[in-house]
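**Q** Pasting a structure here, questions to come.
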Amino acid sequence: MKKEFDNKKLKTDIHDGLINHCEFFDLLKILKEYKDAGGKQNDAYAVLESLREAIKDDSYEDRILELLDVVVGFCSLHVRIWDNN
């Protein structure tokens, strides 16, 4: 049975990952799990944008922007999560 993921959990998990200085690929795994559990691309984007607004710290903004790039597909194929065809 797949782990249930919702927008609130995604926000909490990404936030905690950022605060705990998790590596990019650990945060990417959270996004992949979210998608695999039925999470939608536009919802993931909205969650990351809300985190970007909530966390007013430049050290986290770059990582959030990297994750936003992945969500919209502006990334290498090996890290792409959603198919934008």
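The values are calculated or read from the model by the stated rules, or taken from the named source; none is laboratory data. Worth saying up front: this structure is predicted, and the values here are computed from it rather than measured. Using ideal geometry, Cβ is built from the backbone for each residue, glycine included, and neighbour counts are taken over all protein chains shown. To get the accessible areas, we keep the full protein, side chains included, count just its heavy atoms, and leave off ligands, DNA and RNA. Shrake-Rupley method; radii C 1.70, N 1.55, O 1.52, S 1.80 Å.
**Q** Can you pull the percent of the chain's accessible area that's carbon plus sulfur, 1.4 Å probe, other chains left in place?
**A** Roughly 49 percent, rounded to a whole number.
**Q** Tell me which label goes with the value of Rg and Dmax of the Cα atoms in Å computed from the coordinates here: (i) 12.4, 36; (ii) 11.9, 35; (iii) 11.9, 38.
**A** Structure-derived value, by its label: (iii).
**Q** Hey, can you find the accessible area per residue of the chain for me, probe 1.4 Å, expressed in square angstrom?
**A** 64
**Q** With labels modelled as points extended 7 Å from the Cα through the Cβ direction, what inter-label distance (nm, one decimal) is found for residue 62 paired with residue 42?
**A** Here the modelled spin labels are 3.2 nm apart.
**Q** Convert each backbone phi in segment 23-40 into a coupling constant with the Karplus relation 6.51 cos²θ - 1.76 cosθ + 1.60 (shift: θ = phi - 60°), then list the ³J(HN,Hα) values in order as whole Hz, x for Gly and Pro.
**A** 5, 3, 5, 5, 5, 4, 4, 4, 5, 5, 4, 4, 5, 4, 8, x, x, 9
**Q** While we're on this one: Restricting to DSSP H runs of at least four residues, report the calculated mean residue ellipticity at 222 nm for the chain, -39500 (n - 2.57) per run over all residues, nearest 500 deg cm²/dmol.
**A** Helix-only estimate at 222 nm: -21000 deg cm²/dmol.
**Q** Next question, about the same structure. Using 1/(1 + (r/R0)^6) with R0 = 25 angstrom and r between the beta carbons of residue 7 and residue 78, what's the FRET efficiency to the nearest 0.05?
**A** Working from the Cβ atoms, E equals 0.45.
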